[in-house]
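Engineer: I have a structure I would like to understand better, so I am pasting it below and will then ask my questions one at a time.
The values are calculated or read from the model by the stated rules, or taken from the named source; none is laboratory data. Keep in mind the model is a prediction, meaning the values are calculated, not measured. As a convention, Cβ positions derive from the backbone with ideal geometry for all residues, glycine included, and neighbour counts pool all protein chains shown.
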Amino acid sequence: MKKDTLIRVVVMVVALLAASYLANILTPMQKEISIEKGELTKAPIAGLHKIMADVAWMRFINVAGGMDTIDTKNVDKISAMLEKIIAYDPNFEEMYQSGVLCMSNADPKKAIEFLKKACDNEYLKNNSKLPFNAGFLLSRTIVDQNDPNNILSKPDYTQAAKYFRMAMQRSSQPEPYVVSSYIRAKAKAKAEADKKIDEYYATLSVLYDEWKASKKGSFEGTIVETSSIPDLESRLLKAAQNAKNPVDYDGNPIKPLPESLALIAKVQQEVLADNHLCPNCITPTPAGAKFCTSCGTKVAVWGTCKTCQKVLTGGNYCADCGTKNK
Ligand SMILES: [Zn+2]
Ligand SMILES: [Zn+2]
């Protein structure tokens, strides 16, 4: 079994080398497909540049695999090899996906540049991992592993949010972590731009804006980009609870901002009215409850018969006294 695999690999390598060798001698227009020209997609022999890219990719795997670590000292060699691959084949998906991740800690700016290029590539427009990776790198502080004082890149949350959004739009059902990353980046950008607010308020307001936009979209009968946010209401509920009970960096409770309290009330009324929330801790209250089971605050009773006050069990009539309640 192992021997078979080995033989197959050897045959493939020989075939690829032979093909690239043939490529070199067969075309009299060799110069035109040299990487300096950067015009390889227009190469006269179709498919040949793809084989060249494959060969360059295998060489890259060999070199990168043989390195103990990729850091600021040797990363230029790695990015030059990656440049060469996309010069042969600008649509080389694997290079943008795993190739770029190999060097993203050593030269994050270059890695982001590669990924942005990949995101603009029409041919790769259905790949949602590429914009996610771009957003991921854009939302982090990355330092030189040999010198912690040397900051290689700082977060750009506005840009990060843009790429996370792109990742969401490219998947029919975006993963919850992609949606969370988008909301976090957008909230961080908002909190950075306005010193009067904190991240609790920013998160709640980002979600509330998304909710308003989605309502507007469905009202006008057009498809809105926000329709791709799943479980928006439960995210709003969670954000409202967090904004009501904020904590500092050490986890100690702090007072919520007045702006947060005003927005929480608005969200409770406009979005979460059906959840019958406790006005104090924003926890949904069960039918018939007079007090919140989480914090003991008196709450408005709902879901009971108007005549006998027993909890309604469904249908149109009270199961206890027969009064019509709907
Ligand atoms: Zn409560
Ligand atoms: Zn009744």
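Engineer: Condition first: among the small types (Gly, Ala, Ser), farther than 20 Å from residue 207 by Cα and away from ligand 2 (no atom under 16 Å from the Cβ). Now tell me which residues in segment 268-291 satisfy that.
Structural biologist: Passing the criteria: only 289.
Engineer: Consider residue 306 carefully, then state whether it is more than 38 Å from the chain's Cα centre (by Cα), of a type in the set (Lys, Arg), within 16 Å of ligand 2 (Cβ to nearest atom) and at pLDDT 90 or above.
Structural biologist: Yes, satisfied.
Engineer: Ok, one more. For residue 273, are the conditions met, namely being in contact (Cβ under 8 Å) with a residue 12 or more places away in the chain and exposed (fewer than 13 other Cβ atoms within 10 Å of the Cβ)?
Structural biologist: no
Engineer: Picking from 285, 293, which residue would you name as being of a type in the set (Ser, Thr, Tyr), surrounded by fewer than 17 Cβ atoms within 10 Å (Cβ to Cβ) and within 11 Å of ligand 1 (Cβ to nearest atom)?
Structural biologist: 293
Engineer: Name the residue, out of 129, 125, 196, that is under 22 Å from residue 107 (Cβ atoms) and basic (Lys, Arg).
Structural biologist: After applying the criteria, what remains is 129.
Engineer: In segment 72-105, which residues are free of Cβ contacts under 8 Å to residues at least 12 places away in the same chain and under 25 Å from the mean Cα position of the chain (by Cα)?
Structural biologist: 98
Engineer: Let me ask something else about it. Mind listing just one residue for me: the one in segment 145-158 that is among the charged types (D, E, K, R) and at pLDDT 95 or above and, of those, surrounded by the fewest Cβ atoms within 10 Å (Cβ to Cβ)?
Structural biologist: 154
Engineer: It is to be established whether one or more residues within segment 179-192 are under 27 Å from residue 117 (Cβ atoms), acidic (Asp, Glu) and touching a helix residue (DSSP H, G or I) at 6+ places or on another chain (Cβ under 7 Å).
Structural biologist: Yes, there is a match, as at least one residue in segment 179-192 is under 27 Å from residue 117 (Cβ atoms), acidic (Asp, Glu) and touching a helix residue (DSSP H, G or I) at 6+ places or on another chain (Cβ under 7 Å).
Engineer: Name the one entry in 260, 214 that is away from ligand 2 (no atom under 16 Å from the Cβ) and either modelled with pLDDT under 90 or surrounded by fewer than 13 Cβ atoms within 10 Å (Cβ to Cβ) (or both).
Structural biologist: 214
Engineer: So for segment 121-143 (the condition being of a type in the set (A, V, I, L, M) and part of a strand (DSSP E or B)), does at least one residue qualify?
Structural biologist: Checked against the condition, which is being of a type in the set (A, V, I, L, M) and part of a strand (DSSP E or B), segment 121-143 yields at least one hit.
Engineer: Residues in segment 301-318: is at least one loosely packed, with under 13 Cβ neighbours inside 10 Å and within 16 Å of ligand 1 (Cβ to nearest atom)?
Structural biologist: Among the residues of segment 301-318, not one is loosely packed, with under 13 Cβ neighbours inside 10 Å and within 16 Å of ligand 1 (Cβ to nearest atom), which makes the answer no.
Engineer: Still on this model: Could you list, in sequence order, all residues of segment 101-112 that are of a type in the set (A, V, I, L, M) and either part of a loop (DSSP other than H, G, I, E, B) or modelled with pLDDT of 95 or more (or both)?
Structural biologist: 106, 111, 112, listed by residue number.
Engineer: Okay, moving on. Can you name the residue in segment 159-185 that is part of a loop (DSSP other than H, G, I, E, B) and in contact with a Pro (Cβ under 8 Å, 6 or more places away or on another chain) and is also surrounded by the fewest Cβ atoms within 10 Å (Cβ to Cβ) among such residues?
Structural biologist: Only one residue fits best here, namely 173.
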